Amino acid sequence: MNIQSILSDKIKQAMISAGAEQNVEPLVRQSSKPQFGDYQANGIMGAAKKLGQNPREFAQKVLNNVDLSEIAEKTEIAGPGFINIFLNKDWVAKNVDIALAVPNFGIKVAHPQTVVIDYSSPNVAKEMHVGHLRSTIIGDAVARALEFMGNKVIRANHVGDWGTQFGMLIAYLEKMENEHADAMELSDLEAFYRAAKEHYDSDEAFAVKARSYVVKLQSGDTYCRTMWKKLVDMTMQQNQRNYDRLNVTLTEKDVMGESLYNPMLPGIVEDLKKQGLAVEDDGALVVYLDEFKNKDGDPMGVIVQKKDGGFLYTTTDIAAAKYRYHTLHADRALVFSDTRQSQHMQQAWLITRKAGYVPDSFSLEHQNFGMMLGKDGKPFKTRSGGTVKLADLLDEAVERATLLINEKNTALSEQEKAEVIEAVAIGSVKYADLSKNRTTDYVFDWDNMLSFEGNTAPYMQYAYTRIRSIFSKTDVDAVALSKAKIQMTDDKERALAIKLLQFEEAVQIVAKEGTPHVLCTYLYELAGTFSSFYEHCPILNAEETLKLSRLKLAQLTEKTLKQGLDLLGIKTVEKM
Ligand code: ARG
């Protein structure tokens, strides 16, 4: 049930019948104030202006051409030519019933798409850092939303598993194996990488071997391949622990690292050269893009092959775009990486399009995000200024959530308590991130995210348990409940029912724009709307038919909160 798109379609048709162009935008939105109705159409003035008509007269023509009798109990023309729409209670009640009765709340896209989601994408032999946290959890929420709506989602963990550094990493792994280093030493990937680099810089024999290993690896040498695979597996096993803890849906099966595209690169570069797009410049192959200017105002050169024959991050992304269209048959490919990579993505995709590798209909979208900042407004770092390891961050979250939950001193069993702590700890870190508009930087603040007040995970999780407790206090007959008629005697009931029907609108925006914060805001508002309904409309003490009606609204609220939080990858608990 997407009220906004139902109204949009109807009003658009009426506008066209009244003389507007086929591509007219009715701009139907949820109204900002109750006196403007539940929805308003804001596109009338613009369309009327184009037609040279009086907007209020045009609005009247539109209303004459549209049948909203079932959906709306009242429509009115307001101000310079807005159309305000007041929904019909019976229609709202009927749709609440449907949302409860049918699978998936009745949410399903008419035309499912195949969408590749490139997210998380950490680098081999490196620890996941906060940038990967953002990509991982935002990408995962969007993947869940798209899948929930019936699309085919292909998760592509674009792991950084290729490049010249692998010579040095293989040489160092070999050295460690020869010295029988234990697994502990390998578990610290940052230290491993640093030590490999130190050897490379200080030990000439080691460096020579490392360089020979790069060449061997690239030519498919079995030994180097095996060592390389060990490094990849070792890293991904550790990352998988983070994914599992984070309740992120990625598995080993989703790894589509940079190495996957490596065999495509020589052909692509050859073709770019043949097409005259890539030209030789000082031994390297460069594509000059008019659309991007360098410091001197000249077309910017993007290197696709280095002087030494090596390929670059950009070359791989050109290949990945091509692969996602031709091999994976995707309609859209979304890449979740930070804003500092925006120019890189745009350049890679511009070259992809110029070379004719993908049609215009294939959508390439960089879902960029800002930085995670410390309380001092600077990039989030450890006290000593190092990068914060994801695993350490999650440990700290659990510690802090333990204090918080113990403080509340609830009557929970040890097992229940452990579950609550885990849900609150991980939920808080994720929700704090997901609830902010991804394009801006945000301040990572433990106290805010672990608060039971405001738009936080604990607040949302608690709101859910409150509704659960209503149901645990009463024996409801499921059949009677499903048959009960929803009444809307009170404005609060009406407001809650309409809010419930707006779930799909929020999910759809997440799927389209890659903006989970829209769903967070929706759920937060839903929890608030429920609270004021619950305050004004007693449930358990109401007479039987009213009680059932109100329970039904509570039931759909509970279902919606649970589903919504699940789409965000946030766990709920029964009691807290
Ligand atoms: N591995 C990269 C990093 O750690 C992110 C990859 C993003 N995806 C892509 N197709 N470029 O920054």
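The values are calculated or read from the model by the stated rules, or taken from the named source; none is laboratory data. Everything quoted here is computed from the prediction, not taken from an experiment. Neighbour counts are summed over all protein chains in view; Cβ atoms, including those assigned to glycine, are modelled from backbone coordinates with ideal geometry. Surface accessibility is based on the protein's heavy atoms, side chains included, excluding ligands, DNA and RNA. Shrake-Rupley method; radii C 1.70, N 1.55, O 1.52, S 1.80 Å.
Mind listing whichever residues of segment 11-35 are free of Cβ contacts under 8 Å to residues at least 60 places away in the same chain and part of a helix (DSSP H, G or I)? Correct list: K12, Q13, A14, M15, I16, S17, P34, Q35.
When the residues of segment 2-23 are filtered to those that are hydrophobic (A, V, I, L, M, F, W, C) and surrounded by fewer than 20 Cβ atoms within 10 Å (Cβ to Cβ), the one that is nearest to A506 (Cα to Cα) is I6. Annotation: of all residues in segment 98-149 being charged (D, E, K, R), in contact (Cβ under 8 Å) with a residue 60 or more places away in the chain and away from the ligand (no atom under 14 Å from the Cβ), the one that is least open to solvent (accessible area, probe 1.4 Å) is D140. Here is a list: Y288, Y325. Which entry is open to solvent by 60 Å² or more (accessible area, probe 1.4 Å), among the aromatic types (F, W, Y) and either in a helix (DSSP H, G or I) or within 14 Å of the ligand (Cβ to nearest atom) (or both)? None of the others qualify; the one that does is Y325. Listed conditions (1) in contact with a helix residue (DSSP H, G or I) (Cβ under 7 Å, 6 or more places away or on another chain); (2) over 24 Å from M128 (Cβ atoms); (3) open to solvent by 50 Å² or more (accessible area, probe 1.4 Å) are all met by T352, apart from (3). Looking only at segment 150-160, how many residues end up being within 14 Å of the ligand (Cβ to nearest atom) and either in contact with a Ser or Thr (Cβ under 6 Å, 6 or more places away or on another chain) or under 19 Å from L328 (Cβ atoms) (or both)? Summing the residues that are within 14 Å of the ligand (Cβ to nearest atom) and either in contact with a Ser or Thr (Cβ under 6 Å, 6 or more places away or on another chain) or under 19 Å from L328 (Cβ atoms) (or both) in segment 150-160 gives 6.
Within segment 515-559, the set of residues being in contact with a helix residue (DSSP H, G or I) (Cβ under 6 Å, 6 or more places away or on another chain), under 20 Å from D475 (Cβ atoms) and among the polar types (S, T, N, Q) comprises just one member, T557. Here is a check on your reading of the model: is L334 open to solvent by less than 20 Å² (accessible area, probe 1.4 Å), within 16 Å of the ligand (Cβ to nearest atom) and in a strand (DSSP E or B)? When the stated conditions are applied, L334 passes them. Here segment 303-322 is the region considered, the condition is being closer than 16 Å to R353 by Cβ, out of contact with any Ser or Thr (no Cβ under 6 Å at 6 or more places or on another chain) and among the aliphatic types (A, V, I, L, M), and the residue that is nearest to the ligand (Cβ to nearest atom) is A320. When segment 80-97 is filtered for residues that are in contact with a Phe, Trp or Tyr (Cβ under 9 Å, 6 or more places away or on another chain) and open to solvent by 10 Å² or more (accessible area, probe 1.4 Å), the ones remaining, listed by number, are F82, F86.
When residues in segment 518-576 are screened for being of a type in the set (G, A, S), closer than 27 Å to G427 by Cα and not in a helix (DSSP H, G or I), 1 of them pass.
When S212 is tested against the conditions (1) on the phi > 0 side of the Ramachandran plot; (2) surrounded by fewer than 18 Cβ atoms within 10 Å (Cβ to Cβ); (3) of a type outside the set (D, E, K, R), the lone failure is (1). Consider segment 161-209 and keep the residues that are within 16 Å of the ligand (Cβ to nearest atom) and open to solvent by less than 20 Å² (accessible area, probe 1.4 Å). The one that is nearest to T314 (Cα to Cα) is D161. Hey, any hits in segment 227-235 for a residue that's under 30 Å from I138 (Cβ atoms), more than 16 Å from the ligand (Cβ to nearest atom) and either over 33 Å from the mean Cα position of the chain (by Cα) or aromatic (F, W, Y) (or both)? Looking for residues that are under 30 Å from I138 (Cβ atoms), more than 16 Å from the ligand (Cβ to nearest atom) and either over 33 Å from the mean Cα position of the chain (by Cα) or aromatic (F, W, Y) (or both), one finds at least one in segment 227-235, hence yes.
The set of residues from segment 49-63 being under 29 Å from N95 (Cβ atoms) and without any contact (Cβ under 8 Å) to a residue 24 or more places away in the chain comprises just one member, Q60.
Residue-by-condition table, conditions (1) aromatic (F, W, Y); (2) without any contact (Cβ under 8 Å) to a residue 60 or more places away in the chain:
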site	(1), (2)
E419	no, no
A432	no, yes
T439	no, no
Y442	yes, no
G454	no, yes
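Within segment 249-267, one or more residues are within 16 Å of the ligand (Cβ to nearest atom), open to solvent by 50 Å² or more (accessible area, probe 1.4 Å) and either without any contact (Cβ under 8 Å) to a residue 60 or more places away in the chain or among the basic types (K, R) (or both).
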